[in-house]
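Below is one structure, written out as structure tokens; comments come after it.
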Amino acid sequence: MTASDHSLDIAMTPGMASSVDFQQMGAQRMLVIGGIALILGGMILGDIFAVFILHPNADRIGAALVDATRAVAAQDPHGAGAAFAKIGGYLENRGTKVDAHAHMISFGYIALLLALLQPVVAISEARKKFFAKLFLWGATLLPVGVFLIHYVGLAWSPLSAIGWASIFADLGGLFVFLACAVELIGLWRNFRNMKANPSAEAPLSERSWAARVLLAGGTLLVMLGFLHGAWYAGADLYRYEARDNELLSAMAVKAAANDLPGATEAVRDYGGLQGTKAVNIAAHAHIIEFGILAILLAFFQPYVFLRENWKRIWAITLIVGSLALPLFVLLELQWGLFAGGLADVGGLLVIIALFAMLIGIWRYTGNLDAPGSEQ
Amino acid sequence: MTAPRKLLIIGGLALAAWGMAYGIFYAVFIEHQTLDGLGGALASGFMRAAERRMTESQAALADAASRSFVYVRQVDAHGHWIGLGLLLVILGISFDRVGFQEKGRLVLALMLLAGSALFPLGVLLETWNRGPGPQAIAVLGSALVIFGLFGTVWGFARGD
């Protein structure tokens, strides 16, 4: 296939977007490419985190709980306190990794949303570029800072309770907040003047098959996520919370009665319950996030410089992966590692589809920048 | 801009801003105290058990359960307000493609906005009142969001 064939495909796409706001190193281009890169980075970090930190950390928390019950049986209150101090450290390790993963992906979504809104943000192009860069710097700095909190701690910190990693993470958050605030002011100015840029509607008027599948499929995924969340909240949440309390109480009571096998069994049941809660929450959060991602990507299909057939393949791949990951995460409780492997395949499909679309957008920008381009 | 789009975009932005403002207030004034209290109550429950002061141990573990109940709902309300706000803005951008008359789209937009505001509010109210009232608000809110999304999927599938 030659470059001119690609040009023909693009030129024939109904509702083709104007390149006015997708100019070389423009704010919209930076936010689209930066947003997809953040989502990809966050997803890959999530996969690494799940394999190397989440599962080993859960085992360490279980072992520390067993230590706590042994300390109770041995009438050693300091030992019990020390075991809970260790659990606090493990929870911090887990929490900061989850936060880094979640913030990176969420900032990616906000970057894509801001890219969509750029044509109706009433500020100068120079300022748009500056705040797009500021947003992307902040969106990178915050998750990196949060990730490092567990390792840097309070080393060389001028403050007694907050370390350098937290300070840089907060600075990243401030950059993101400032950029969003300016974009909101720009939106407000546009709404007041109602002088909408005609090119603003261009990406939104995309009617290709891939865009429609991503839009309807994404909304369906969000709805399924909501149905699952409502079911979980109604049928399981209160029962699990009560069981959580019962098991903690059983650990303490049985250990105090020197029934260590009984206490260890309660620890094991407690671990199982935490796993059940975690897979339900992960399935609920992931299916909704993937749905939002699919809806956002529907708007950017005019910028994906690939043959229509390939655009359809990547749209379907993304929807299938988005459905497979949460479904098999839920089935991990019954099928164990087999379902975990299939969930990872689902995540990989989403990453591949996202990467393919990123390449398509990169090719589109390359075509725009090429000397003599008609776009 | 049509009324349903304006309602979803402005309403979604307002909801997300409200969720972020609540999150900042919560992080500064409530979260650290709640987490410290939760960790302290759990450790205390086991330390008192090691001292064979079982009544105090059970009271500390019940306190931890209560703090955990409140913490989960405060984080959920914050996260759902922002997430639903973002969803409303994204749906608002493309809402003219929902294949219904403007009146139908307006009803769907109102359902989505009202549900997105009410559902986290009901969840948050459960931290003050564990009776059926707040749960009913949360159920009503989530039902409005689910039916609103169902209508939106149907509308997208019909096309414009």
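The values are calculated or read from the model by the stated rules, or taken from the named source; none is laboratory data. Every value quoted in this text rests on a predicted model; they were computed, and no experiment measured them. Cβ atoms come from the backbone with ideal geometry, glycine included; neighbour counts cover every protein chain shown.
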Worksheet item: Does the range A:27-40 contain at least one residue that is at pLDDT below 85 and in a helix (DSSP H, G or I)?
Response: no
Worksheet item: So which residues in the range B:41-61 are in a helix (DSSP H, G or I) and more than 7 Å from chain A (Cβ to nearest Cβ)?
Response: B:41, B:44, B:48, B:55, B:56, B:59, B:60
Discussion item. So, residue A:169, is that one part of a helix (DSSP H, G or I) and either closer than 16 Å to residue A:99 by Cβ or not assigned by TED's automatic domain parsing to the domain that holds residue A:188 (or both) or not?
Written reply: yes
Worksheet item: Out of A:126, A:132, which single residue is away from every other protein chain (no Cβ under 12 Å), under 20 Å from the mean Cα position of the chain (by Cα), more than 23 Å from residue A:50 (Cα to Cα) and assigned to a helix (DSSP H, G or I)?
Response: A:132
Worksheet item: Does the range B:108-147 hold any residues that are touching a residue at least 40 places away in the same chain (Cβ under 8 Å) and within 9 Å of chain A (Cβ to nearest Cβ), and which are they?
Response: B:123, B:145
Worksheet item: Looking at residue A:139, is it within 25 Å of residue A:47 (Cα to Cα), in contact with a helix residue (DSSP H, G or I) (Cβ under 7 Å, 6 or more places away or on another chain), small (Gly, Ala, Ser) and not assigned by TED's automatic domain parsing to the domain that holds residue A:358?
Response: yes
Fill in: Of all residues in the range B:71-107 being surrounded by fewer than 21 Cβ atoms within 10 Å (Cβ to Cβ) and outside any helix (DSSP H, G or I), the one that is farthest from the other protein chains (Cβ to nearest Cβ)
B:101
Discussion item. I want to confirm something. Restricting to the range A:246-297 and keeping residues that are among the polar types (S, T, N, Q) and modelled with pLDDT of 90 or more, which single residue is surrounded by the fewest Cβ atoms within 10 Å (Cβ to Cβ)?
Written reply: A:258
Worksheet entry | Some residue of the range A:71-85 being within 29 Å of residue A:258 (Cβ to Cβ), assigned to a loop (DSSP other than H, G, I, E, B), at pLDDT 85 or above and touching an Asp or Glu at 6+ places or on another chain (Cβ under 9 Å) | yes
Item to complete: Can you tell me which residue among A:78, A:55 is more than 9 Å from chain B (Cβ to nearest Cβ) and over 26 Å from residue B:85 (Cα atoms)?
Response: A:55
Worksheet item: Among the residues of the range A:227-237, is there at least one that is in contact (Cβ under 8 Å) with a residue 40 or more places away in the chain and over 18 Å from residue A:327 (Cβ atoms)?
Response: no
Item to complete: Taking the residues in the range A:201-212 that are within 10 Å of another protein chain (Cβ to nearest Cβ), assigned to a helix (DSSP H, G or I) and surrounded by fewer than 22 Cβ atoms within 10 Å (Cβ to Cβ) as candidates, determine which candidate is modelled with the lowest pLDDT.
Response: A:201
Discussion item. Please count how many residues of the range B:112-154 are farther than 25 Å from residue B:23 by Cβ and either assigned to a helix (DSSP H, G or I) or modelled with pLDDT of 95 or more (or both).
Written reply: 9
Response to the item:
When restricted to A:224, A:248, the only residue within 30 Å of residue B:86 (Cα to Cα) and assigned to a helix (DSSP H, G or I) is A:224
Item to complete: Find all pairs meeting these conditions: Cβ atoms under 8 angstrom apart; at least six residues apart or on different chains; first residue within the range B:47-74 and closer than 21 Å to residue A:75 by Cβ; second residue outside any helix (DSSP H, G or I).
Response: B:50/A:74; B:50/A:75; B:50/A:76; B:51/A:75; B:52/A:75
Discussion item. Can you go through A:72, A:51 and tell me which one is crowded, with 17+ Cβ neighbours inside 10 Å, of a type outside the set (Ser, Thr, Tyr) and assigned by TED's automatic domain parsing to the domain that holds residue A:151?
Written reply: A:72
